[in-house]
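S.K.: Structure provided below as structure tokens; questions to follow.
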Protein chains: 4
Amino acid sequence: MDVGFVGLGTMGRGMVRQLLAAGHRVTVWNRSPEPVRELVAEGAEAADGPAGVWRCRAVVSMLADDAAVESVLLDEKALASAAAALHVNMATVSPALARRAAELHARHGVAYVAAPVLGRGEVAAAGNLAILAAGPADALDRAAPLFEAMGRRTWRLGDRPEIANTAKICANFVLVSAVEAVAEATALGEASGLAAEDLLSVLTGTVFPGPVYEGYGAMIAERRYEPAGFRLDLGFKDVGLALDTAAAARVPMPLAGVLRDALLEGVAHGRGGQDLAALGETSRRRAALPREDAGAPGEGGAPDPDPRT
Amino acid sequence: MDVGFVGLGTMGRGMVRQLLAAGHRVTVWNRSPEPVRELVAEGAEAADGPAGVWRCRAVVSMLADDAAVESVLLDEKALASAAAALHVNMATVSPALARRAAELHARHGVAYVAAPVLGRGEVAAAGNLAILAAGPADALDRAAPLFEAMGRRTWRLGDRPEIANTAKICANFVLVSAVEAVAEATALGEASGLAAEDLLSVLTGTVFPGPVYEGYGAMIAERRYEPAGFRLDLGFKDVGLALDTAAAARVPMPLAGVLRDALLEGVAHGRGGQDLAALGETSRRRAALPREDAGAPGEGGAPDPDPRT
Amino acid sequence: MDVGFVGLGTMGRGMVRQLLAAGHRVTVWNRSPEPVRELVAEGAEAADGPAGVWRCRAVVSMLADDAAVESVLLDEKALASAAAALHVNMATVSPALARRAAELHARHGVAYVAAPVLGRGEVAAAGNLAILAAGPADALDRAAPLFEAMGRRTWRLGDRPEIANTAKICANFVLVSAVEAVAEATALGEASGLAAEDLLSVLTGTVFPGPVYEGYGAMIAERRYEPAGFRLDLGFKDVGLALDTAAAARVPMPLAGVLRDALLEGVAHGRGGQDLAALGETSRRRAALPREDAGAPGEGGAPDPDPRT
Amino acid sequence: MDVGFVGLGTMGRGMVRQLLAAGHRVTVWNRSPEPVRELVAEGAEAADGPAGVWRCRAVVSMLADDAAVESVLLDEKALASAAAALHVNMATVSPALARRAAELHARHGVAYVAAPVLGRGEVAAAGNLAILAAGPADALDRAAPLFEAMGRRTWRLGDRPEIANTAKICANFVLVSAVEAVAEATALGEASGLAAEDLLSVLTGTVFPGPVYEGYGAMIAERRYEPAGFRLDLGFKDVGLALDTAAAARVPMPLAGVLRDALLEGVAHGRGGQDLAALGETSRRRAALPREDAGAPGEGGAPDPDPRT
């Protein structure tokens, strides 16, 4: 297919490579030019601006957040003269923005599909993303070959695009909840003399298999928060999206409120750029760990990786 | 081995059967006589009272809670005249009780091992329990053949018995957190028009494999809370144990506070005897679901399985 | 002084009357025309539009929220041609908006003063408002005669306008906290057999004098939520302002998170238009009150004023 | 009246002096002998033990907590041979203990009155306590002259003693909530550039008069936590009583959960012996205050009175 692609961050670059590998013709645009040059060397074509992208048959976008989507793509003039009949927005944005975008696109005869993904940079590079897609049925059909190139599995979640964004927000909320639970349990363990690696072995060896408990659990146990796979400040942003969506839907989410405070405490202490697993340090700070009188010997001497203090 | 066994609930009966199958000689006692008769018919011997059990070489106990253990087994006189040199307490009790019990046993020359388990009745019946064990190393060695008969894997967590209880409490806290997260996310989905089964499919098909998200998730999605695999009021008890342990260890656990309130609201609304998954109803009630104006069609007509209203 | 006034809601009308009574010449504008006619009959003059108001020496505004201020008053063209050298914004808006507004005004040589107030309609009508003012010192001096006409006391909170908005947000947060505390305590009392009026008498007769505990306390005790002095959904908005301000300032506020959930539950159950005191019903619903088995006799028969069920 | 008095802490001594001043004959007992000597010098008589106190016509007690009351006064043998027909327990104990005590006393023909108080040492010394009393009506009548001597006002809360304890617990819960709200608002102010004394002036000068906001507010604003009028760790105990009472009554109290965590964090950081106002430091720590980049100049140099770090 003749595809335009906007947003060449780590995720976007991996996705473009998979589209090229699957034989699609990809015209790319990005605010900064380096990633464009890089991908042109690998077979992509360069657009002279967002308008160039809208000349393709379909547009795929992977921008950072609501504000970026709004400024780059929700442009009445570009949409009015677009050749593209389909826009697949794969970023994690708010359901409210998705609703607004779908209306705007519809007025100009462009089908809007929301298709946020689960998976980090290396997953995108391997074409193994989990894709949560929603939009008009025929638009989803047309987007299917693109999804096949970029992901390992696609969920079709109906014809209202914002539902896909809601699903993504729910998944991230469940993820941050799991990490916070491990963080609190690990602090309780440390204060009581239960070694973090023992607790982790018990959890993952019994009823909590899978990458979340294993991956974040290991980082918490080792107090290793860099490099950041999922940045703590982006977790704060996502929990904020969950709370805003819940407010609009009138759904109290007390767990999300607790996550918000724990993440914000991490940001206040200079850990926003670290991995989400740095929630472990919020729990430890609140409990005044390490302690000289703690159960496990030697804890008092543990190095403190706090970037601020 | 010549083993005494106290506490023949669903869990206890399954465990005794596995001990018998492994060739151990088991003398049983229980407050109510029926389970004793049942197991005697299968090869166990009946003790005339707790004292009879203490005449065996080792005692295993699986009672309901701190109070039951205290009244049945923490008996100076029985301990003083015990032939048993080993007591393996497999119940979920507080670390504080474990500490007290270990001291009391030590004064009478009986080794005390804490070995709480993860797994429900059918897991016990199949000899597949996950066993979290702590106590003096030689006592753990002596208990090993018993663990082999009852479980699929044993974690040795050091020589302080209460550490095993702490690990069990941590695991249950992480479990209830996961169920509450799914409950809140499902309510957000329902209010927004995202079907519960779609959300569940996304979660378990991506980064949340395993029995917790799959099992409780399905019950929440189907609003099916009976029969109770893990009773909601026992979840309330366990979260209370976590909070008490955390208070003693001076570890704030805000997530546990939220779980406590959600569970207590379930108990107040008559759901204490239902499965933990009934947390889903607390989230729905707070959000005033189902709603006539909700996104997904037909929700307003869903039957309400609330036992109280 | 020659004053323009924008925003003639209940509060605004009372304030204009006080300005007139103090001898100021007041030119008014409002989106809907009735309040304008009403005040013209009492001595005010009518502006033909917001531009007419900017022709006065000073402008006072009392609009509903950030959005209204933004659309009516943050108008580059109007500011560029304004005769007014001073704008006193007395609405409860976000510190972020105040900061933006101050910059915009400064670019056009208009001094911006933030002066949100504490007090409801009848307090405004009596000229007894508490005024929290911040802005350039000379602008505060010039505004002083206006404040004197409208309020009983003015706090000068420095030269950064947004600080006055922060103070107002803090005060409302402390207020909602107090109401929620009384709501929860009253539910505990009711479930235990302690009459609400007895609890209220104890609180206000000992260390909690003042209008908050007395006023809201009485409404909670009597389960009387109408007419609304302070609407529950506006309380939700104000707690949201607190949380947004706190996020920007990186200050975790766990109490605010709890208030948010309790208010949102009230909104979900159709109580957004009732008084803030309807927080009492959220606490009662969670506790499944009234109960047939409750301590105090006769509670089961209490009428439920829930507008939804 | 011929009165026995048990428990001569700061509160108890002040109360005995007021009883003596009112002309009552008081026989005192205390675990440590110094306060006994002190009061004998002022006109009291010394009992040789708790039994000696039970020989008086009425017994008043003011012990520290449930455990002290249980061990000193809930003594079947002493009650069986008591001459006293009335016991007035003025300590802050749990409703559960009050219920148990009332039954035990009734079995031995002694009337049990619960009469916890509001007021600190200097208030007791001045005879100005607020007394919350419940018990059989005739017992309350008989106790009236004693209350008159010790307090400025008595609330009669019915014939179930535990209701008085519930009222006391509710009052303390509302108090701690108010202090936490001021603590969080003050941190938000500090991070935003609003001076703590300005915020306090606004609060107490508008709708929050009274000793709680004024007294604790000033301590928070000045970061002065000693001497402790109301110790933070006793606040933690009282919030725990509220949560336990609420669990038994099946009443979720999310605000109490937040208070619990904030107080426990204070205890973990070595502030248990400071005043409740040290909640201010929990809020500041979470927000990483003071900050070099904070709005108000000079904050970075504020001395940190943290006893631990």
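All of the numbers you see were taken from the coordinates with simple rules; none came from a lab. Computed from a predicted model, the values in this text were never measured in an experiment. Ideal geometry is used to build each Cβ from the backbone, glycine not excepted, and the neighbour counts take in all protein chains shown.
S.K.: If each residue's Cβ is checked for other Cβ atoms within 10 Å, how do A:Lys77, C:Lys168 rank with the fewest at the top?
M.R.: Details: A:Lys77 9, C:Lys168 26.
By the 10 Å Cβ count, ascending, the order reads A:Lys77, C:Lys168.
S.K.: Something else: Span-like helices, chain B: DSSP H, alpha-carbon axial extent 27 Å or more, mean Kyte-Doolittle 1.6 or greater, which ones? Display every interim value, and only then the final one.
M.R.: Values: long enough: B:161-192 (48 Å, 0.78).
None clear 27 Å together with a mean of 1.6.
S.K.: What nm value, rounded to one decimal, do you get for the distance between D:Asp48 and B:Asp48 when each label is placed 7 Å out toward the C-beta?
M.R.: 4.7 nm
S.K.: How big is the antiparallel share of DSSP beta bridges in chain B, given as a percent to the nearest 5? Show your work: numbers first, answer last.
M.R.: Values: 4 of 28 bridges.
DSSP beta bridges in chain B are roughly 15 percent antiparallel.
S.K.: Of the candidates A:Leu188, A:Leu129, A:Leu140, which one comes out as most mobile in a Gaussian network treatment of chain A with C-alpha springs shorter than 10 Å?
M.R.: So, out of A:Leu188, A:Leu129, A:Leu140, the one fluctuating most is A:Leu188.
S.K.: Eigenvalues of the Cα gyration tensor times 5, then square-rooted: what semi-axes does that give for region A:2-159, in whole angstrom, largest first? Intermediate results must be reported in sequence, preceding the final value.
M.R.: Values: eigenvalues 85, 68, 40 Å².
Rounded to whole Å, the semi-axes are 21, 19, 14.
S.K.: For chain C, what is the mean residue ellipticity at 222 nm derived from helices alone (per DSSP H run of n ≥ 4: -39500 (n - 2.57); sum divided by total residues; nearest 500 deg cm²/dmol)?
M.R.: Numbers: 14 runs with 157 residues, N = 309.
Calculated mean residue ellipticity at 222 nm is -15500 deg cm²/dmol.
S.K.: What list of ³J(HN,Hα) couplings, whole Hz, do you get for region A:208-214 from phi and the Karplus terms 6.51, -1.76, 1.60, once you set θ to phi - 60° and write x for glycine and proline?
M.R.: 10, x, x, x, 5, 5, 5
S.K.: Once you order the gyration tensor axes a ≥ b ≥ c over the Cα atoms, which shape class does region A:165-301 get: rounded for a/c under 1.5, otherwise prolate or oblate by comparing a/b with b/c? Show your work: numbers first, answer last.
M.R.: Working: a/c = 2.01, a/b = 1.65, b/c = 1.22.
Because a/c hits 1.5 or more and a/b exceeds b/c, region A:165-301 counts as prolate.
S.K.: Describe numerically, in nm with one decimal, the distance between label points set 7 Å from Cα along Cα→Cβ at D:Ala85 and at B:Asp159.
M.R.: Each label point is offset 7 Å from its Cα along the Cβ direction, giving 6.3 nm.
S.K.: Test of understanding: express the Cα radius of gyration of chain D as a ratio to 2.2 N^0.38 Å, with N the residue count. All intermediate terms of the calculation are to be shown ahead of the outcome.
M.R.: Details: Rg = 21.5 Å, N = 309, 2.2 N^0.38 = 19.4 Å.
Computed over Cα atoms of chain D, the ratio equals 1.11.
S.K.: Just check the protein assembly as shown against the gyration tensor rule for me: Cα atoms, a ≥ b ≥ c as the square roots of the eigenvalues, rounded for a/c under 1.5, and otherwise prolate or oblate depending on whether a/b exceeds b/c.
M.R.: Working: a/c = 2.07, a/b = 1.15, b/c = 1.79.
Note, shape of the protein assembly as shown comes out oblate.
S.K.: How far, in nm, would the chain grow between D:Ala22 and D:Ser71 when pulled straight, counting 0.36 nm per residue and subtracting the alpha carbon separation? Could the numbers behind the result be given before it?
M.R.: Values: separation 49, 0.36 × 49 = 17.64 nm, distance 3.02 nm.
Result for the pair: 14.6 nm of gain on full extension.
S.K.: Something else about it: When a footprinting reagent is the concern and you count Cβ atoms within 10 Å, what order do B:Thr92, A:Thr282 take, fewest first? Write out the running numbers ahead of the final one.
M.R.: Details: B:Thr92 24, A:Thr282 28.
Fewest-to-most ranking of B:Thr92, A:Thr282: B:Thr92, A:Thr282.
S.K.: What is the set of long-range amide H partners of B:Phe5 at a cut-off below 5 Å, with H atoms built 1.01 Å from backbone N?
M.R.: B:Thr27, B:Val28, B:Trp29, B:Val60
S.K.: How far is it, in nm, from the label point at C:Glu38 to the one at D:His108 when both lie 7 Å from their Cα along the line to the Cβ?
M.R.: It is 7.0 nm.
S.K.: Would you pull out the residues with amide H under 5 Å of D:Val251's amide H, same chain only if 5 or more places away, H placed 1.01 Å from N?
M.R.: Here nothing satisfies the definition.
S.K.: Using Cβ contacts closer than 10 Å as the measure, can you line up C:Glu45, A:Glu180, A:Glu103 from fewest to most? Numbers along the way, then the final one.
M.R.: On the way: C:Glu45 15, A:Glu180 28, A:Glu103 10.
With the sparsest Cβ surroundings first, the list reads A:Glu103, C:Glu45, A:Glu180.
S.K.: Right, next: Calculate one ³J(HN,Hα) per residue across region D:78-89 by plugging θ = phi - 60° into the Karplus curve 6.51 cos²θ - 1.76 cosθ + 1.60, and present them in order as whole Hz with x for glycine and proline.
M.R.: The phi angles translate into 4, 5, 4, 9, 5, 7, 4, 9, 8, 10, 10, 9 Hz.
S.K.: Something else now. Please give the contour-minus-distance gain from D:Glu222 to D:Ala126: 0.36 nm per residue of separation, less the Cα-Cα distance, rounded to one decimal in nm. List each step's numbers first, then the result.
M.R.: On the way: separation 96, 0.36 × 96 = 34.56 nm, distance 2.78 nm.
Full extension from D:Glu222 to D:Ala126 adds 31.8 nm.
S.K.: Give me the tail of P(r) for region D:58-116 as a percent: Cα-Cα pairs with distance above 14 Å.
M.R.: Numbers: 787 of 1711 pairs.
Cα-Cα pairs in region D:58-116 separated by more than 14 Å: 46 percent.
S.K.: Next question. Is region C:203-245 best put as rounded, prolate or oblate by its Cα gyration tensor, with a ≥ b ≥ c the root eigenvalues, rounded for a/c under 1.5, and otherwise prolate when a/b is larger than b/c, oblate when not?
M.R.: Taking the square roots of the gyration eigenvalues as a ≥ b ≥ c, region C:203-245 is oblate.
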